[in-house]
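Some notes on the structure that comes next.
The values are calculated or read from the model by the stated rules, or taken from the named source; none is laboratory data. Just so it is clear, the model here is predicted, and its values are computed rather than measured. Here the Cβ is made from the backbone with ideal geometry for all residues, glycine too, and neighbour counts use every protein chain on show. Heavy atoms of the whole protein, side chains included, go into the accessibility calculation; ligands, DNA and RNA do not. Shrake-Rupley method; radii C 1.70, N 1.55, O 1.52, S 1.80 Å.
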Amino acid sequence: MMAKDDLLREASQALEQAGVEDARREARLLLCWATGRDLGGLLSLDDVEPAQELRFAEALKRRLEREPLAFITGETGFWTLDLETGRDTLIPRADSEALIEALLDVCPDRNEPISILDLGTGTGCLLLAALSEYPQARGVGVDLSPQAAALARRNAIRTGLRKRSVFLAGSWADALNARFDVVLSNPPYIETGDLAGLMPEVLQYEPARALDGGTDGLDAYRILCAALPTLLVPGGYGILEMGIGQIDAVSALGVSSGLRDVAHRADLGGIERALVLQSDARGRIVTKNRWLD
């Protein structure tokens, strides 16, 4: 058996040399996964069993190759949920939680039976987080990748939200014939020319189709803003995630499609991350899509 502190020291040094940020924390999280303990439980651990040491070594090797921690462990946290991850989807990030905060701002009544559409759903993190906050809500998640839609379905089961959610494979909202109270989306928004400068964890392991927003990063927003007026009920809300410095350009796209820019929400880093657009109406109408039953 090897001492925990020795393992952590050697792993931290190796990760730091490989260019991994916050190397000591990453080493701890890898050892937590290898030993089946949380960070608190790791404090009381002195020695690591040989089988756990081998598991840790294999995981460390993958992390040194810059594979994301969430792909090594196969899971990550988002909002209050624990979600499965996979190479067919982006890893949920805390930045995206700004969209859920924006939703809570504009729909403060948690008991409303709102209908929610999540376009480019990936792991299903946005829709499932929203449903966890609105116990009477139902929703649909759509992703171009059938594998991503299948992963989102597994996350719906994992979080106990399967009965209130449907996940489909398709191109944006092309296969839908319904209107929703809320449309959520974290679309591809990185300019094509900037992709090569991304961190290895992102560039080498996460799907390019979920990152590449075209020459100016706005291709997906043009599609979304044009579609929102027909996807939203009168007074409904479209809540979109932005890249750095994109909010004014996307707001202009929304306004040109007949939508109103009603709110912005910053992430924890102070970056304007969520744009809330509202469909044209004097009063908000809440509907329930019966076909979700």
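Checking every residue in region 195-212 against the condition of being more than 21 Å from Pro68 (Cα to Cα), under 17 Å from the mean Cα position of the chain (by Cα) and basic (Lys, Arg) gives zero matches.
Does Leu127 fit the bill of being touching a helix residue (DSSP H, G or I) at 6+ places or on another chain (Cβ under 7 Å) and open to solvent by less than 50 Å² (accessible area, probe 1.4 Å)? No, not satisfied. Scanning region 6-21 for residues that are open to solvent by less than 100 Å² (accessible area, probe 1.4 Å) and part of a loop (DSSP other than H, G, I, E, B) gives Ala18, Gly19, Val20.
Filtered by the rule that a residue be under 18 Å from Met199 (Cα atoms) and either more than 25 Å from the chain's Cα centre (by Cα) or surrounded by 20 or more Cβ atoms within 10 Å (Cβ to Cβ) (or both), region 24-59 gives no residues. Taking the criterion of being polar (S, T, N, Q) and in contact with a Phe, Trp or Tyr (Cβ under 8 Å, 6 or more places away or on another chain), the residues of region 116-154 that qualify are Thr121, Thr123, Ser132.
Which condition number in (1) in contact with a helix residue (DSSP H, G or I) (Cβ under 8 Å, 6 or more places away or on another chain); (2) open to solvent by 10 Å² or more (accessible area, probe 1.4 Å) is the one that Asn111 fails? Answer for Asn111: the failing condition is (1).
Hey, does region 63-73 have a residue that's of a type in the set (Lys, Arg), open to solvent by 30 Å² or more (accessible area, probe 1.4 Å) and part of a helix (DSSP H, G or I)? Scanning region 63-73, I find no residue that is of a type in the set (Lys, Arg), open to solvent by 30 Å² or more (accessible area, probe 1.4 Å) and part of a helix (DSSP H, G or I), so the answer is no.
Okay, residues lined up against (1) under 19 Å from Glu206 (Cα atoms); (2) in contact with a helix residue (DSSP H, G or I) (Cβ under 8 Å, 6 or more places away or on another chain); (3) modelled with pLDDT of 90 or more:
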site	(1), (2), (3)
Ala27	no, yes, yes
Leu42	no, yes, no
Asp47	no, yes, no
Ala51	no, no, yes
Lys61	yes, no, yes
Arg66	yes, yes, yes
Leu69	yes, yes, yes
Glu75	yes, no, yes
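Taken over region 166-181, the criterion of being over 15 Å from Gly124 (Cβ atoms) and touching a residue at least 24 places away in the same chain (Cβ under 8 Å) is satisfied by Ser171, Trp172, Ala173, Ala175, Leu176, Ala178, Arg179, Phe180, Asp181.
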